[in-house]
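To start, the structure under review is shown below, and the notes come after it.
The values are calculated or read from the model by the stated rules, or taken from the named source; none is laboratory data. Just so we're clear, the structure is a prediction, and the values are computed from it rather than from any experiment. Please note: Cβ atoms are built from the backbone with ideal geometry, for glycine as well, and neighbour counts cover all protein chains shown.
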Amino acid sequence: MKRFPALLALCLATAALAPANAGAQDLALTHVTIVDVESGGLRADQTVLIRDSRIAWTGPSREARIPSGARTVDATGRYAIPGLWDMHVHTSREGRAAHFWPQFLAYGVTGVREMGSYLDSLQYWRGRARQPGSGAPRIVFSSPMLDGSPPAWRHGYGVADSAAAVAAVDTMAALGFDFLKVYARLPRDAYFSIARRARERGIPFAGHIPVSVTAMEAIDAGQRSIEHLNDDLYLLCVPGGAALQQRYLAARAPGAPADSVQPALDRLLGALQAGPGAAECAPLLRRMAAHGTWFTPTLTVHRGMSPTDELAADPRIRFVPPNLARRWESGRRRGEEARIEQRINAASARMVAMAQAAGVGILAGTDASDEAYVFAGSGLHDELALLVEAGLTPLQALQAATLNPARYLEAADSMGTVAAGKVADLLLLDADPLADIRNTMRIFAVVHGGRLIDAAERERLLRLAQDEAARAAVAPPARQPE
Ligand SMILES: [Zn+2]
């Protein structure tokens, strides 16, 4: 059974969503090298014919029959890759769509998975995104975060017990959300009730692993994806990690000798910096692979908490609302604390390569929201580079933003590769991304739903994003006490 009925009905149908371009001028991209993201092969001198927001034909340029009246783009020397998906964003609150959406499209992020917001915001922005000419990428919509009561964030949806969990699933399914987001404070019985009811209703659930549930239990319960390479997940892979954490927590308990805290912390941090152990990690990764549990490590958001000076001075800060940029700057970790965190990030990222090798499906996601030094749109390219730094090949990183999202969404027949019959979402690059993943940022043009976004249009979108961000003011973090 298809688990994303609403997505398949609405997001990909050419008639129903903004990128639809039916009746528009045909488009021919000639003499392009198509990057086959399934095999890693390059097919030189191809022509891509696009009609009514779909790819109508691809093949050798000498065999192409270009319809009269088609707009032709000579793509000699360029590389075509499928449109990129950022599988973890929060684009539906505080008016951030006004500056996020243009950046997504300008940077070739033609699809995003919305990971939660206020219920009414999600409904509002879903409606906006579906209007013709909205300027939205394709968006798969989460329910609000189903969380304990009170929820960790003001935009969460409090679920106190099993009965409330069943009611929440029914409500969100009736409202037509593509999937349910689960979050950290969910009580055990509520979590398992969500899992059971979601299975009955045929709606997927994905998100964080609640504190009350182990990773193994969440995998067995059918959670579709695990978000973030956070400390709890990483600790399962660190040799001696759980015991060191217990000793550290015991040292901090009331009545424990004050001078025992620092040594316990030092030992824990030392283990985290030493990296994951293959033997420790294997049971978790094997279980994920066996159950088809996807993993969205969001390396970009973890990096942003302890940015290098170079990242903190990134010129893309011009796309960030000024008061938010000030919050990032004042909140960043510095000095030795930042360096330790950077070393832990680098060490923990090795878990992503282990997951890939174990057959776990990796999804590229950034957590673009108000999180520090996560840039909408271009941040997805940062994530691809970080995935390669973590040990993935450039092809595997590309797959995490193209083929894997298509498979995750059970829409591989409609997207994920540059091929006839697929939606016409793609990027034309000036250089080969398989030779250097950073070449995904060398964008010549983007095609979204059959519409060409050329250099001039990209520039207009980025100027728009900058202007909208300059006018925006962002509210303080909406975290709530327990
Ligand atoms: Zn998030």
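What to note about this one:
- Residue in the range 333-374 that is nearest to Leu268 (Cα to Cα), counting only those that are among the polar types (S, T, N, Q) and within 16 Å of the chain's Cα centre (by Cα): Thr366
- If the condition is being within 30 Å of Phe375 (Cβ to Cβ) and either part of a helix (DSSP H, G or I) or away from the ligand (no atom under 16 Å from the Cβ) (or both), then the range 286-304 contributes Met288, Thr293, Leu299, Thr300, Val301, His302, Arg303, Gly304.
- Single match in Glu336, Glu310 (criterion: in a helix (DSSP H, G or I), modelled with pLDDT under 95 and either out of contact with any strand residue (DSSP E or B) (no Cβ under 7 Å at 6 or more places or on another chain) or β-branched (Val, Ile, Thr) (or both)): Glu336
- Just one of the listed residues (Arg62, Arg3) is charged (D, E, K, R), modelled with pLDDT under 95 and in contact with a strand residue (DSSP E or B) (Cβ under 9 Å, 6 or more places away or on another chain), namely Arg3.
Each row is one residue, and each column tells you yes or no for (1) at pLDDT 95 or above; (2) at negative phi; (3) in contact with a Pro (Cβ under 9 Å, 6 or more places away or on another chain); (4) surrounded by fewer than 21 Cβ atoms within 10 Å (Cβ to Cβ).
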{"position": "Ser414", "(1), (2), (3), (4)": "yes, yes, no, yes"}
{"position": "Leu428", "(1), (2), (3), (4)": "yes, yes, no, no"}
{"position": "Ile437", "(1), (2), (3), (4)": "yes, yes, yes, no"}
{"position": "Arg442", "(1), (2), (3), (4)": "yes, yes, yes, yes"}
{"position": "Val446", "(1), (2), (3), (4)": "yes, yes, no, no"}
{"position": "Asp454", "(1), (2), (3), (4)": "yes, yes, no, yes"}
{"position": "Ala465", "(1), (2), (3), (4)": "yes, yes, yes, no"}
{"position": "Ala470", "(1), (2), (3), (4)": "yes, yes, yes, yes"}
{"position": "Ala475", "(1), (2), (3), (4)": "no, yes, no, yes"}
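- Some residue of the range 65-84 being within 16 Å of the ligand (Cβ to nearest atom) and in contact with a helix residue (DSSP H, G or I) (Cβ under 8 Å, 6 or more places away or on another chain): no
- Residue within the range 251-271 that is away from the ligand (no atom under 16 Å from the Cβ), in contact (Cβ under 8 Å) with a residue 40 or more places away in the chain, part of a helix (DSSP H, G or I) and surrounded by 17 or more Cβ atoms within 10 Å (Cβ to Cβ) present: no
- Residues (closer than 14 Å to Val109 by Cβ, near the ligand (Cβ under 10 Å from one of its atoms) and either out of contact with any strand residue (DSSP E or B) (no Cβ under 8 Å at 6 or more places or on another chain) or assigned to a loop (DSSP other than H, G, I, E, B) (or both)) located in the range 367-382: Asp367, Val374
- Residue in the range 9-30 that is at pLDDT below 95 and within 19 Å of the chain's Cα centre (by Cα) present: yes
- Scanning the range 88-96 turns up one or more residues that are surrounded by fewer than 24 Cβ atoms within 10 Å (Cβ to Cβ), over 11 Å from Phe141 (Cα atoms) and away from the ligand (no atom under 16 Å from the Cβ).
- Any hit, the range 137-150, residues being away from the ligand (no atom under 16 Å from the Cβ) and of a type in the set (A, V, I, L, M, F, W, C): no
- Filtered residues of the range 221-240 (kept if hydrophobic (A, V, I, L, M, F, W, C) and more than 16 Å from the ligand (Cβ to nearest atom)): Ala221, Leu235, Leu236, Cys237, Val238
- Test for Arg78: is it of a type outside the set (Asp, Glu), in contact with a strand residue (DSSP E or B) (Cβ under 9 Å, 6 or more places away or on another chain) and closer than 23 Å to Arg442 by Cβ: yes
- Restricting the range 311-332 to residues that are basic (Lys, Arg) and under 24 Å from the mean Cα position of the chain (by Cα), the residue that is farthest from Leu464 (Cα to Cα): Arg332
- Checked against the criterion of being more than 16 Å from the ligand (Cβ to nearest atom), over 28 Å from Gly95 (Cβ atoms) and out of contact with any Gly (no Cβ under 8 Å at 6 or more places or on another chain), the candidates Ala456, Ala424, Ala435 yield just one match: Ala435.
- Residues that are touching an Asp or Glu at 6+ places or on another chain (Cβ under 7 Å) and not hydrophobic (A, V, I, L, M, F, W, C) do occur in the range 231-253, at least one of them.
- Where a residue in the range 70-99 is under 13 Å from Trp125 (Cα atoms) and its partner, wherever it lies, is within 16 Å of the ligand (Cβ to nearest atom) and in a strand (DSSP E or B), with Cβ under 8 Å and at least six apart: His90/Glu114; His90/Ala368; Thr91/Val112; Thr91/Glu114; Thr91/Ile139; Thr91/Ala368; Ser92/Glu114; Ser92/Phe141
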